[in-house]
Amino acid sequence: MVNKKTRIAVFCSGSGSNFKALFHALKVKKLNAEIVLCLSNRLQCGAMEFAHQNSIATVHLTEKQFDSFEAFAAAMVACLKERQIEIVLLAGYLRKVPEAVVDAFPDKIINIHPALLPKFGGEGMYGVHVHAAVIDAGETESGATVHFVNKEYDKGRILLQRKVPVLTIDTAESLAARVLECEHTLYPDALEKLLAEQKS
Ligand code: GRF
């Protein structure tokens, strides 16, 4: 008997390079899971475009569409439940996931952060700010972290982490590019680990 594939939603706000890497890796690694939804706070972005091109359902959801944050959060939970989503992967989603969603999907939401958490995480630590802070601190290594999402920014249990060197000639941009390349293999590996953990 063939096991039913785990249904995954990916949340994105930008270019979606991690989303693309995850989509391809699911096929290459032959994982028993499929991305069935791309949810974004932006109607048009690289991630949404990629989803359309690959016949993945999309949902554009922002707080502005609702009278209250609670209504927005309830709509997000309903959207995930309706589609029988089992795992949520945050891939460059630049909004805080509402607590109601975290509560509805305990240990089912993971995020990728472009640094070695617990260092260089928390509010304001996103994009180029992370890499600039790493260089300013004189670190000789950085990397990326995949972690569970809980109610505090970047504080959930670490699932997988991988290091990259920081070179003396690095700028925040060159370091960002090296870390992003690492993310594209780290995130699929972390997903594989999560799926294996959930099976056992
Ligand atoms: C990545 O660096 C990720 O770590 C961070 O946002 C960026 C998303 O990039 N959370 P992309 O949209 O996947 O290209």
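The values are calculated or read from the model by the stated rules, or taken from the named source; none is laboratory data. Just so it is clear, the structure is predicted and the values come from calculations on it, not from any experiment. FYI the Cβ positions are ideal-geometry reconstructions off the backbone, even for glycines, and counts take in every protein chain you see. Heavy atoms of the whole protein, side chains included, go into the accessibility calculation; ligands, DNA and RNA do not. Shrake-Rupley method; radii C 1.70, N 1.55, O 1.52, S 1.80 Å.
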Rounded to 0.05, the calculated FRET efficiency for the beta carbons of GLU192 and VAL128 at R₀ = 35 Å is 0.75
Of the listed links LYS30/LYS155; LYS5/LYS199; LYS20/LYS151; LYS30/LYS193; LYS155/LYS199; LYS4/LYS81, those spanning more than 23 angstrom between alpha carbons are LYS30/LYS155; LYS20/LYS151; LYS155/LYS199
The percentage of Cα-Cα pairs in the range 56-139 separated by more than 21 Å is 41
The aspartates and glutamates whose Cα lies under 20 Å from the Cα of LYS96, excluding any fewer than 8 residues away in the same chain, are GLU63, ASP67, GLU70, GLU86, ASP107, GLU123, GLU152, ASP154
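According to the Cα gyration tensor, what semi-axes, each the square root of 5 times an eigenvalue, does the equivalent ellipsoid of the range 161-200 have, listed from largest to smallest in whole Å? Don't skip to the end; give the middle numbers.
On the way: eigenvalues 169, 14, 5 Å².
After scaling each eigenvalue by five and taking roots: 29, 8, 5 Å.
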For ILE109, the residues 5 or more places away or on another chain with a placed amide H closer than 5 Å to its own amide H are VAL88, VAL149
Measuring from its Cα centre, the range 70-131 shows a charge dipole (+1 at each Lys and Arg Cβ, -1 at each Asp and Glu Cβ) which, in debye to the nearest 20, is 200
Under the Karplus relation with 6.51, -1.76 and 1.60 and θ = phi - 60°, whole-Hz ³J(HN,Hα) for the range 61-67, x at Gly and Pro, equal 9, 9, 4, 4, 7, 10, 6
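Take peptides 7-20, 177-190, 56-69, 124-137 and line them up by average Cβ neighbours within 10 Å, highest first, as a rough protection proxy.
In descending order of packing, they fall as 7-20, 177-190, 124-137, 56-69.
Under a Cβ-Cβ cut-off of 14 Å, what is the net charge of the residues other than SER17 that fall near it, where Lys and Arg count +1 and Asp and Glu count -1? Display every interim value, and only then the final one.
Numbers: positive: LYS20, ARG178; negative: GLU49, GLU181, GLU183.
Its environment carries a net charge of -1.
Based on a Kirkwood Rh over C-alpha pairs, give the Stokes-Einstein translational diffusion coefficient of the chain at 10 °C and viscosity 1.306 mPa s in µm²/s.
Values: Rh = 17.3 Å.
The Stokes-Einstein estimate is 92 µm²/s.
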Amide H proximity to SER142 below 5 Å, modelled H, separation 5+ or other chain, gives VAL164, VAL166
In whole percent, the fraction of accessible protein surface over the chain that belongs to carbon or sulfur atoms, probe radius 1.4 Å, stands at 53
Probe 1.4 Å, heavy atoms of protein chains only: per residue, the accessible area of the chain in Å² is 52
Treating only Lys and Arg (+1) and Asp and Glu (-1) as charged, each at its beta carbon, one finds that the range 34-184 has a dipole about its Cα centre, in Debye to the nearest 20, of 160
Along the dipole axis of the chain (charges at Cβ: +1 for Lys and Arg, -1 for Asp and Glu; origin at the Cα centre), the most positive-end residue among THR6, GLN65, HIS147 is THR6
If R0 = 41 Å, then ASN32 and ALA71, at their Cβ-Cβ distance, give a FRET efficiency to the nearest 0.05 of 0.70
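Hull surface divided by four, with the convex hull built on the Cα atoms of the range 112-200: how many nm²?
On the way: hull surface 22.2 nm².
If you wrap the Cα atoms of the range 112-200 in a convex hull and average its projections, you get 5.6 nm².
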